[in-house]
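The block underneath contains the structure these notes are about, expressed in structure tokens.
FYI, it's all coordinate maths here, none of it is from the lab. The shown structure was predicted, so the numbers you read here are calculated from the model rather than taken from an experiment. Please note: Cβ atoms are built from the backbone with ideal geometry, for glycine as well, and neighbour counts cover all protein chains shown.
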Amino acid sequence: MKARVFGDVGRPRGSIIPGERGAAGATTANNALCSRRGRQSFPNRSSKRGLKQSASSLTPSMSLTDDRQMECRDLNDFIRQGGSERRWLVKQANKRDPEQPSIASILSPIGSSNKDVIVVGCGPAGLALSCELAERGLSVGLVGPDTPFVNTYGVWEDEFVELGLGDCLELVFEDAVCHFGDSEKGCVRVGRKYARVDRAKLRGHLLDRCQKAGVGFQEGHVVDVSREEGGDKGSLAKLQCKTGDTFKSSVAVLASGAVSSKFLKYEEGVPHAGAQTAYGFEVEIDQYPFSKSLMHFMDFRRHHTGLWEGKALHPEVTRYLEEEGSWGVSKEMPSFLYAMPLGGNKAFFQETCLVSKQAVPFHVLERRLKGRLDALGVKVKSVLDEEWSYIPVGGPLPLADQQILAFGAAANMIHPASGYSISRSLRAAPAFAKSIVDIFEEQKGWNEVSSKKAWDTLWTARNRKQAAFHTFGMELLALLDVRSIDDFFLSFFKLPDFLWRGFLAAELDAGQIIFFALSVFVICPFQMKGRLVGHLFGSEVGRHVIEKFISSESPDAIQSAN
């Protein structure tokens, strides 16, 4: 299919702006609770934390020529490359951190000889897979941008400890607290420790393993991946960089994020991807408004709707908000506050839209976040760092009948209903690396059959059923208003721990998924039961998940039949 060139990636003329469908400061019967005064003036951004915008050209990892044009085959490519918010992805990716050394200063050059495997992408997934492959005896080359880790990674502590990465955690909170509605019953203690990853330590740990295992590195922007005949181990993967440099290997693995989608083939007949967007900043403040021992995980209370300054947690305000339902925001895409204290007078605050089929713009989330902080009475002294998080979720999975492999977000390993991916990628890297090594030994090289076997170990029939169910949940969440979101999550966290934890970790098998679905149906309110039944039997994604669970055929057999 010929690629379409999206010139102006702005919103189509006449389209509805996601997140703006409801009036943020809508008047109610209790106008005394609404502020008509201006918001606090936020200080200019500073670079005290060391993260700075690079003056260099766009980061190679984004596979972009500039921040206004991109080549896309279809809507999924458009969404996975950032859609209308792409310019902010570029800005986030172009950050620099002088405290994180360059990859080239640690790893040796890739050299001119052909490798067993070339991994494209230098994020957590790419580095983890590279060191796992090299430690198992394969010659590995790493190609991608020489950039630091710049995103804020939040994880469940037990998952990182199980991976042997407890030393890479910067902060650990004794529990995570959620608010689903303004009443007392809407406050949920999750009962699980949450942590902030020390991104410099994690990157340093992975690079140290790569260096010891002999991984070679070349900074570059890969613009084409193909295969050519030749070599003593079968056909070779050929990677061409923007500079004209070419690299060859028995197999190429894309691990450069969702923007790699243009190099891959996907299932058909599956609803297109959505997006999780989040705007956040690290700030110096006068006083943190919540418990410093708890992670403020998901707060769906409507504090961004125009409350008087400092009145968000006042008992009278809470009572009125509870009595008045959604209070002027019933038609907007819901978003929640995610907040963590960082010690001293520093804190990280983020406004997140969990999922939307049309990305909620960052400027909308920024406005909501600042409105929340005003209502909570938080005085911002200085902004140390801003963050724009855009995570494509859901959509079709890669097909197994292609010789290019992928891993991490590039292989659509992001949890569609939560946006989580880092723990899953780090957990899956050893098994995927072992399968590649085993296939090399079995096939005495690499060919089309080898690639299919590798894909089938990454996306087994079990995993594809699981992903279909997760996408079903994602599509449902994208349809719910704030009251229904509250009802859903109150039911979700009433489930036995092994069910909701297994769902978030993508570890439930088909039988457990059915048990999970039935348990949610039994627990949830009557009106939510109707939404679930209608979504299952009356939507495209409902038909898709039913087909996945009743079919024993491989995805490629189904694709051929279509």
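What to note about this one:
- A Förster radius of 30 Å combined with the Cβ-Cβ distance from V161 to E547 puts the calculated FRET efficiency at roughly 0.20.
- Shown here are the Rg and Dmax of the Cα trace of region 409-562, at 17.5, 58 Å.
- Calculated FRET efficiency for the pair S113/V172, C-beta based, R₀ 35 Å, to 0.05: 0.20
- Cα gyration tensor, region 109-248 - rounded (a/c under 1.5), prolate or oblate: prolate
- Working ranking of peptides 426-439, 517-530, 268-281 by packing, defined as the average number of other Cβ atoms within 10 Å per residue, highest first, is 268-281, 426-439, 517-530.
- Set K91/K292; K91/K357; K185/K548; K91/K262; K357/K381 screened for pairs whose C-alpha atoms are more than 27 Å apart: K91/K292; K185/K548; K357/K381
- Extension gain, E229 back to R189 (0.36 nm per residue minus Cα-Cα distance, nm): 8.6 nm
- Over all Cα atoms in region 446-531, the spread is summed up by Rg and Dmax: 15.9, 54 Å.
- The aspartates and glutamates within cross-link reach of K379, meaning a Cα-to-Cα straight distance under 15 Å and a gap of 8 or more places when in the same chain, are E282, E284, D286, E309.
- The charge dipole of region 401-546, taken about its Cα centre with unit charges on the Cβ of Lys, Arg, Asp and Glu (plus for the first two, minus for the last two), comes to roughly 160 debye.
- Hits among lysines - C-alpha to C-alpha of K444 under 17 Å, sequence gap 8 or more where chains match: K115, K233, K434, K452, K453
- When only the Cβ of Lys, Arg, Asp and Glu is charged (+1, +1, -1, -1), the dipole of region 77-139 relative to its Cα centre reaches about 300 debye.
- Dipole of region 188-297 [Lys/Arg +1, Asp/Glu -1 at C-beta], most positive-end residue of F281, L202, S293: S293
- Segments 136-147, 236-247 sorted - mean Cβ within 10 Å per residue, highest first: 136-147, 236-247
- Distance (nanometres) between label positions extended 7 Å along Cα→Cβ at E268 and E442: 2.9 nm
- Here the gap between T246 and V150, fully extended at 0.36 nm per residue and compared with their Cα-Cα distance, gives a gain of 31.7 nm.
- Taking Cα centre as origin and charging only the Cβ of basic (Lys, Arg, +1) and acidic (Asp, Glu, -1) residues, the dipole magnitude of region 192-233 rounds to 740 debye.
- Here the label points at K381 and K453, each 7 Å from Cα along the C-beta direction, are separated by 6.1 nm in the simple model.
- Here S539 and K201 are evaluated by their C-beta separation; at R0 = 35 Å the FRET efficiency comes out at 0.20.
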